[in-house]
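Report on the structure given below.
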Amino acid sequence: MIPTPHIEVKEQGIIAKTVLMPGDPLRAKFIADTFLEDVQEFNKVRNVFGYTGTYKGRKISVMASGMGMPSIGIYSYELFKFYGVENIVRIGSCGAYTADLNLYDVILSNDVWSESTFAKVQGGYDKDVIAASSELNGKLEKIAGDLGIEIHKERIHSSDVFYRENFEEYKDINKNHGCVAVEMEAFALFHNANVLGKNAACLLTVSDNLVTHELTTSEERQNSFTNMMKIALELAE
Ligand code: HPA
């Protein structure tokens, strides 16, 4: 069933087997402009830009996910199910739940906890933790080591809510569920990978810290997450 409602690609083979997914369409464009060669734009529907190119001569795609589980739930499902995509690595930003994490630290998600109903509604999965692909995580860990980039392997929190009336709730989530940082997409991505027999992973860069209240500007976020991008780009094949 291609094209899909949200991706305008009419042929197989245009989207690479491995897709990197930042939340922000302009970050997808930045990655294509900065790191890829022989770039072909494959999607503009709703300004959710997607590009295929080569990195060090190897093929890879980058496409935005939008914000939140409903959005990444749509795009990752269509890529996995209808476009033959095998691996999706989310490359995003997160808010740290502990003062031990600094701005720009890179986290590789071991697994993700969420109070979201996404997985239950989508496929009857009624637990609240989902693991990343161990195969992809093994590769990403080795790449980070080879590049000399420190990564924190941790459990993260996927939240449906950015603005909570009770801001302090993050402390309980950190204490009760072991999550060190919050983002808004990984739980849906990992679930879709599991139901479709595919692989998903999530690399995050700390953009703000809920304990210390340090934060980066949106401009800094768009341009300076290069460590995380360089790790993920090495998955090109
Ligand atoms: N909350 C949710 N998602 C985020 C945050 C946050 O504080 N920072 C970056 N992504």
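Derivation of every value follows stated rules applied to the coordinates shown; laboratory data play no part. None of the values given here were measured: they were computed from a predicted structure. Glycine also receives a Cβ, built like all others from the backbone with ideal geometry; neighbour counts cover every protein chain displayed.
With springs only between Cα atoms under 10 Å apart, run a GNM on the chain and tell me which of 177, 213, 191 wobbles the most. Greatest mean-square fluctuation among the candidates belongs to 213.
Counting neighbouring Cβ atoms within 10 Å and putting the fewest first, the residues 217, 226, 18, 212 line up as 217, 212, 226, 18. Normalising the average separation of contacting C-alpha pairs (under 8 angstrom, six or more residues apart) by the number of residues puts the relative contact order of region 104-157 at 59 percent.
Here each label is just a point 7 Å from Cα along the line to Cβ, and for residue 8 and residue 153 those points are 4.2 nm apart. Over the residues of the chain, the helix contribution to mean residue ellipticity at 222 nm works out to -9500 deg cm²/dmol, using -39500 (n - 2.57) for each DSSP H run of at least 4. Full extension of the chain segment joining residue 142 with residue 67 gains 24.1 nm, where the gain is 0.36 nm per residue of separation less the Cα-Cα distance.
For the pair residue 164 and residue 214, a Förster radius of 22 Å applied to the C-beta separation gives a FRET efficiency near 0.70, rounded to the nearest 0.05. Of the residues 163, 97, 77, which exhibits the maximal mean-square fluctuation in a Gaussian network model of the chain defined by a 10 Å Cα contact cut-off? Highest fluctuation of the listed residues: 163. Using the Cβ-Cβ distance between residue 129 and residue 26 with R0 set to 22 Å, the FRET efficiency from 1/(1 + (r/R0)^6) comes to roughly 0.10.
Could you work out how far the C-alpha centroid of region 95-132 sits from that of region 19-75, in angstrom? Each part reduced to its Cα centre gives a spacing of 22 Å. Which of the three applies to region 132-221, rounded, prolate or oblate, going by the alpha-carbon gyration tensor with a ≥ b ≥ c and a/c under 1.5 meaning rounded? Since a/c reaches 1.5 but b/c is at least a/b, the shape of region 132-221 is classed as oblate.
Among 27, 58, 46, which one moves the most in a GNM of the chain with springs linking Cα atoms closer than 10 Å? Among 27, 58, 46, the largest mean-square fluctuation in the Gaussian network model of the chain belongs to 46.
Pairs over the 27 Å Cα-Cα cut-off, from the set 29/81; 29/171; 142/198; 10/230; 171/198; 139/175: 29/171; 10/230; 171/198; 139/175. Contact order for the chain, expressed relative to its length and based on alpha carbon pairs under 8 Å spaced 6+ residues apart, stands at 26 percent.
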